[in-house]
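Colleague: Have a look at the structure that comes next, please.
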Amino acid sequence: MDKNLIQRTLSGIVYVAIIILCTTPLGAQLINGVSPGLVKQEYLYYGLITLLMGVGSWECFKIMKFGNGYERFVVFPLVIFIFYIFSKRYFHFDFFFDFRISEILAILLILIASVTLFKYPNELYFDSGKLIFTVIYVALPFSFALGLPKFSSFNDSFSLEVLFLFILIWSSDTFAYLTGKFFGKHKMAPKISPKKTWEGYIGGVVLTLILSYFIEHYHSDLRGNWMVVGFLVAAFAPVGDLVESQLKRNFAVKDSGNIIPGHGGVLDRLDSFIICVPVVYLYFILEKFI
């Protein structure tokens, strides 16, 4: 058997296991089964998001090849500061999804950064542009991710929004790949991602909607309507992949890193997550007004 396939399979299993343990009550239950009261699930999730954001920021910093100006010394303090602001809200249960201009503007900044990457890439060759892009592209999405799950320290509950978000992203990627492989004829973005097709995109949307129907049917305790979430994920997950592919293409980089053997770096694995999180977060805000 191909050693690379074995490596990809084993690292993939470990990756999925870590996601499950940190986004469901199972992680704390297993650890506390060995040493009661050692950890709460919200701390495991916070640790996961902190780790992913930290590694993702470093990968983005390396991809964009910062120069020797002050920007290289400012980027990580800014990332940490933004994450700290959201961290305070996380531990004070302050994610109420009310309409806040600051949050809407932050989500719009992610859109603007993505458009700039495609339409005005020359702006990102300046260290100031690299600084702004890194902070917006990495720090904001992972900070918003802290607001997705609901949890309680009193009864050790932890909701499954993030787990199902990952599942829908994985299903969208898988269904789009399989549909595109067997039926794909029309290239979606041949210069950026040659294997993506419009047939695959449509297949990913349809089949992910089917899966999201069962999530909505059997998990009515989750925030929002998961048929809507499923559609948003299937629609925007490929966009996340294209954004990261364009970023690597602009700076002539093959992989964002190698922290996940056989799969690349954090940005390679979480490119769809980075775009889907603010989209779903925005939906949870707007859903309260519908």
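Colleague: Suppose we keep only residues that are more than 10 Å from LEU267 (Cβ to Cβ) and hydrophobic (A, V, I, L, M, F, W, C) within region 45-57. Which one would you say is surrounded by the fewest Cβ atoms within 10 Å (Cβ to Cβ)?
Modeller: My answer is LEU51.
Conditions tested, residue by residue: (1) at pLDDT below 90; (2) more than 17 Å from VAL233 (Cβ to Cβ); (3) within 21 Å of the chain's Cα centre (by Cα); (4) surrounded by 23 or more Cβ atoms within 10 Å (Cβ to Cβ).
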residue: LEU140; (1), (2), (3), (4): no, yes, yes, yes
residue: SER143; (1), (2), (3), (4): no, yes, yes, yes
residue: PHE151; (1), (2), (3), (4): no, yes, yes, no
residue: PHE166; (1), (2), (3), (4): no, no, yes, no
residue: PHE183; (1), (2), (3), (4): yes, yes, no, no
residue: LYS187; (1), (2), (3), (4): yes, yes, no, no
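Colleague: Still on this structure: Checking VAL233 against (1) closer than 22 Å to MET53 by Cα; (2) free of Cβ contacts under 8 Å to residues at least 24 places away in the same chain; (3) β-branched (Val, Ile, Thr), which single condition isn't satisfied?
Modeller: All conditions are met except number (2).
Colleague: Among the listed residues LYS130, LYS119, which satisfies the condition of being more than 19 Å from ALA235 (Cα to Cα), surrounded by fewer than 22 Cβ atoms within 10 Å (Cβ to Cβ) and at pLDDT 90 or above?
Modeller: From the options LYS130, LYS119, the qualifying one is LYS119.
Colleague: Any idea how many residues of region 222-256 are in a helix (DSSP H, G or I) and over 30 Å from SER157 (Cα atoms)?
Modeller: Here the count works out to 14.
Colleague: One residue is enough: does region 92-112 have a residue meeting the conditions assigned to a loop (DSSP other than H, G, I, E, B) and surrounded by 16 or more Cβ atoms within 10 Å (Cβ to Cβ)?
Modeller: Yes, some residue in region 92-112 is assigned to a loop (DSSP other than H, G, I, E, B) and surrounded by 16 or more Cβ atoms within 10 Å (Cβ to Cβ).
Colleague: Restricting attention to region 23-44, report how many residues are open to solvent by 20 Å² or more (accessible area, probe 1.4 Å) and either outside any helix (DSSP H, G or I) or of a type outside the set (Phe, Trp, Tyr) (or both).
Modeller: Of the residues in that region, 15 qualify.
Colleague: Go over the candidates GLY37, GLY54 one by one and state the one that is at pLDDT 95 or above and under 28 Å from HIS92 (Cα atoms).
Modeller: From the options GLY37, GLY54, the qualifying one is GLY54.
The values are calculated or read from the model by the stated rules, or taken from the named source; none is laboratory data. All values reported here derive from a predicted model rather than from experimental measurement. Glycine also receives a Cβ, built like all others from the backbone with ideal geometry; neighbour counts cover every protein chain displayed. Surface areas here come from the heavy atoms of the whole protein model, side chains and all, with no ligands, DNA or RNA. Shrake-Rupley method; radii C 1.70, N 1.55, O 1.52, S 1.80 Å.
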